[in-house]
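Presented below is the structure to which this report refers.
The values are calculated or read from the model by the stated rules, or taken from the named source; none is laboratory data. This one's a predicted model, so the numbers in the text were calculated from it and none came from an experiment. Neighbour counts are summed over all protein chains in view; Cβ atoms, including those assigned to glycine, are modelled from backbone coordinates with ideal geometry.
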Amino acid sequence: MDGPTSRILAEHTTLRVGGAADSWMIASSEADLCAAVRECDADGVPVLLLGGGSNLLVADDGFRGRVVQVATHGREVVEEGDDSVTLRLAAGEVWDDIVLWAVGHGWTGVEALSGIPGLVGATPLQNVGAYGQDVAQTVVSVRALDRTTGDVVELSETECGFGYRTSRFKTDPDRWVILGATMRLGTSGTGRIGYPELARELGAAVGAPAPVAAIRDAVLKLRGRKGMVLAADDHDTWSAGSFFTNPIVAPETAAELTADCPRYAAAEGVKLSAAWLIGHAGIEPGFGLRSDAPARISSRHTLALTNRGGATAEDLLELARAVRDRVRDTFGITLEPEPRLVNCAL
Ligand code: NAP
């Protein structure tokens, strides 16, 4: 186990804000990761698990506890069937490297999840999904440390409790440390286009087949146009991706909205587009609270709050509160933040 060169969280998060942590460990093996968390738990030291830092908004005065940085590696094919392949992946693998690896082999099931920042271990947490795919469709099991017992367990897909952008790891965040995932992918090289915007990009119909490499390229183009592919010189990408989740509301609430508001049937109710609600509450791309505000809505996606350089966590929180309040005052719907807020709140 090691320490980092800097304990300033702003240097480890994609929003590039966040103060120092009291202490910091880099865990490069699963044993180190488990030992680090067990030790903190035994000593009553708060733990912040840090992966790619792409879904965190950390307070300017940092974190009073120990950052445990997940830096485990490992990817292997554990089973090859007639038309499927089973992969075992360590939590610390970079997610998009795994997608690239899969697409390179013609493996199917994760190609629409191209360009998503962060590490493998973060994907089951919120059942990461985009363009018609989510990881619940391919996860066979998740290996996790149960902090209530100190044991390492293998949870089946059913036991993971996946829902729309959620899982039991998200609903019970202090209990689990995700150590790795086992995923089963197809091997045909051909995916299915599962999303209208993606179909338009590919000039094909929803439901049509397409080579996984073409789907990956199209998704990267779509995400790139929205500023959702990380690039150090592009301030629209100094974000935590979508800052608010797309709300799922009761049918009666959805019925009160104007007819032009997009709405989609979801298992738990009616899913709305947070980006549409923000835009129709009068918040334009590039919006800031002052003309020189360093925290602004992305110029390419109303759902991303961005750091234009020099923003503090408090600047971003102030902007987030203003967006949330404007949407609530206009539509009576309270948007919930998607990133984990550390030592701060809306
Ligand atoms: P978008 O495509 O503008 O869509 C906004 C919302 O409308 C999403 O909730 C999306 O559902 C829904 N939607 C659009 N067309 C739909 C259809 N034909 N049927 C059902 N629902 C439909 O969203 P975006 O912000 O640019 O994001 C692009 C994709 O990345 C979306 O799939 C979004 O969910 C995903 N994303 C995921 C995460 C995450 O996993 N944390 C973060 C950011 C963005 P879906 O959410 O079911 O797609």
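Kindly evaluate THR86 against the criterion of being assigned to a strand (DSSP E or B), at negative phi and either in the same structural domain as GLY186 (by TED's automatic domain parsing) or surrounded by 15 or more Cβ atoms within 10 Å (Cβ to Cβ) (or both).
Yes, satisfied.
Under 9 Å between Cβ atoms, at least 6 apart or on separate chains: pull out the pairs that start in the stretch 323-345 with a residue that is farther than 19 Å from SER298 by Cβ and end on any residue that is among the acidic types (Asp, Glu) and at pLDDT below 95.
Matching pairs, first to second residue: PHE331/GLU256; GLY332/GLU256.
Give me a count of the residues in the stretch 324-346 that are surrounded by fewer than 19 Cβ atoms within 10 Å (Cβ to Cβ), part of a helix (DSSP H, G or I) and out of contact with any helix residue (DSSP H, G or I) (no Cβ under 9 Å at 6 or more places or on another chain).
Adding up the residues that qualify gives 3.
Spot the failing condition for VAL212; the list is (1) within 20 Å of ALA122 (Cα to Cα); (2) at pLDDT 95 or above, and only one is missed.
Single failed check for VAL212: (1).
Would you say ASP315 is over 21 Å from LEU257 (Cβ atoms) and buried (at least 19 other Cβ atoms within 10 Å of the Cβ)?
So ASP315 fits the description; yes.
Among the residues of the stretch 290-304, which ones are surrounded by 21 or more Cβ atoms within 10 Å (Cβ to Cβ) and under 19 Å from ASP233 (Cβ atoms)?
ALA295, ARG296, SER298, HIS301, ALA304
Taking the condition more than 14 Å from the ligand (Cβ to nearest atom) and part of a loop (DSSP other than H, G, I, E, B), does THR302 pass?
Spelling it out, it is not the case that THR302 is more than 14 Å from the ligand (Cβ to nearest atom) and part of a loop (DSSP other than H, G, I, E, B).
Mind checking which residues of the stretch 251-279 are among the aliphatic types (A, V, I, L, M) and either surrounded by 11 or more Cβ atoms within 10 Å (Cβ to Cβ) or not assigned by TED's automatic domain parsing to the domain that holds ASN307 (or both)?
ALA254, LEU257, ALA266, VAL270, LEU272, ALA274, ALA275, LEU277, ILE278, listed by residue number.
Which number in (1) among the small types (Gly, Ala, Ser); (2) crowded, with 22+ Cβ neighbours inside 10 Å; (3) within 16 Å of the ligand (Cβ to nearest atom) marks the one condition that SER54 misses?
All conditions pass for SER54, except number (2).
Looking at PHE287, PHE243, which one is within 14 Å of VAL327 (Cβ to Cβ), away from the ligand (no atom under 15 Å from the Cβ), buried (at least 18 other Cβ atoms within 10 Å of the Cβ) and at pLDDT 95 or above?
Only one candidate passes the filter, namely PHE287.
Filter the stretch 217-236 for residues that are buried (at least 24 other Cβ atoms within 10 Å of the Cβ) and either among the acidic types (Asp, Glu) or at pLDDT 95 or above (or both) and give the result.
Of everything in the stretch 217-236, those that are buried (at least 24 other Cβ atoms within 10 Å of the Cβ) and either among the acidic types (Asp, Glu) or at pLDDT 95 or above (or both) turn out to be ALA218, VAL219.
Could you list, ordered by first residue, the pairs with Cβ atoms under 9 Å in which the first is in the stretch 221-238 and in a loop (DSSP other than H, G, I, E, B) and the second is among the basic types (Lys, Arg), at least 6 apart or interchain?
Correct list of pairs: LYS226/ARG300; GLY227/ARG300; MET228/ARG300; VAL229/ARG223; TRP238/ARG16; TRP238/ARG308.
For the condition modelled with pLDDT of 95 or more and of a type in the set (S, T, N, Q), what is the one hit in THR166, THR182?
THR182
Could you list, ordered by first residue, the pairs with Cβ atoms under 7 Å in which the first is in the stretch 36-54 and of a type outside the set (A, V, I, L, M) and the second is in a helix (DSSP H, G or I) and at pLDDT 95 or above, at least 6 apart or interchain?
Partner pairs satisfying both residue conditions: GLY51/GLY121; GLY51/ALA122; GLY52/ALA122; GLY53/HIS12.
Report yes if some residue within the stretch 246-258 is farther than 21 Å from GLY163 by Cα and within 12 Å of the ligand (Cβ to nearest atom); otherwise report no.
Checked against the condition, which is being farther than 21 Å from GLY163 by Cα and within 12 Å of the ligand (Cβ to nearest atom), the stretch 246-258 yields no hits at all.
Against the definition (more than 21 Å from the chain's Cα centre (by Cα) and in a helix (DSSP H, G or I)), how does ALA10 come out, yes or no?
no
State all residues of the stretch 259-275 that are assigned to a loop (DSSP other than H, G, I, E, B), near the ligand (Cβ under 8 Å from one of its atoms) and free of Cβ contacts under 8 Å to residues at least 24 places away in the same chain; if no residue qualifies, say none.
Hit for the stretch 259-275 is PRO262, nothing else.
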